[in-house]
Amino acid sequence: MSDFTDLDMLYDYEKDAASAAMGYMTLATRAHHGDLRNIYLRLANEATNAHSKASKLINQNGGIA
């Protein structure tokens, strides 16, 4: 069984949040309906905020973000 540290989990979460932000932004650029585009932009913004928070936690725990 693998022993994952809090820092390992934060790195994984940071990677996932960055991927989500990129994916939502890509979908926003492809959406033709304005309301749908706005939803994707909000989701991209939330994912970016989550990435920023995870990066700060990584730095606080001695990692490199």
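The values are calculated or read from the model by the stated rules, or taken from the named source; none is laboratory data. Computed from a prediction, not measured in an experiment: that's the story for all the values here. For neighbour counting, all protein chains shown are included, and Cβ atoms are generated from backbone atoms with ideal geometry for every residue, glycine included.
A compact table of results
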item	result
Which listed residue, of Ala44, Ala21, is in a helix (DSSP H, G or I) and within 18 Å of Ala65 (Cα to Cα)	Ala21
Cβ-Cβ under 6 Å pairs, at least 6 apart or on other chains, region 33-54 side without any contact (Cβ under 8 Å) to a residue 12 or more places away in the chain, far side not basic (Lys, Arg)	Arg37/Ala28; Arg37/Ala31
Qualifying residue in region 21-37 (condition: surrounded by 12 or more Cβ atoms within 10 Å (Cβ to Cβ), of a type outside the set (Phe, Trp, Tyr) and touching a His at 6+ places or on another chain (Cβ under 8 Å))	yes
Neighbours by Cβ (under 9 Å, 6+ apart or cross-chain): first from region 1-21, touching a residue at least 40 places away in the same chain (Cβ under 8 Å); second of a type in the set (Gly, Ala, Ser) and assigned to a helix (DSSP H, G or I)	Leu10/Ala54; Leu10/Ser55; Tyr11/Ala54; Tyr13/Ala50; Tyr13/Ala54; Glu14/Ala50; Glu14/Ala54; Glu14/Ser55
Met9 vs. criteria surrounded by 14 or more Cβ atoms within 10 Å (Cβ to Cβ), in a helix (DSSP H, G or I) and at pLDDT 95 or above	no
Complete set of residues in region 27-40 that are farther than 21 Å from Glu14 by Cβ and of a type in the set (A, V, I, L, M, F, W, C)	Ala28, Ala31, Leu36, Ile39
Selection from region 38-47 of residues that are surrounded by fewer than 17 Cβ atoms within 10 Å (Cβ to Cβ) and either within 30 Å of Gly63 (Cβ to Cβ) or modelled with pLDDT under 95 (or both)	Leu41, Arg42, Asn45, Glu46
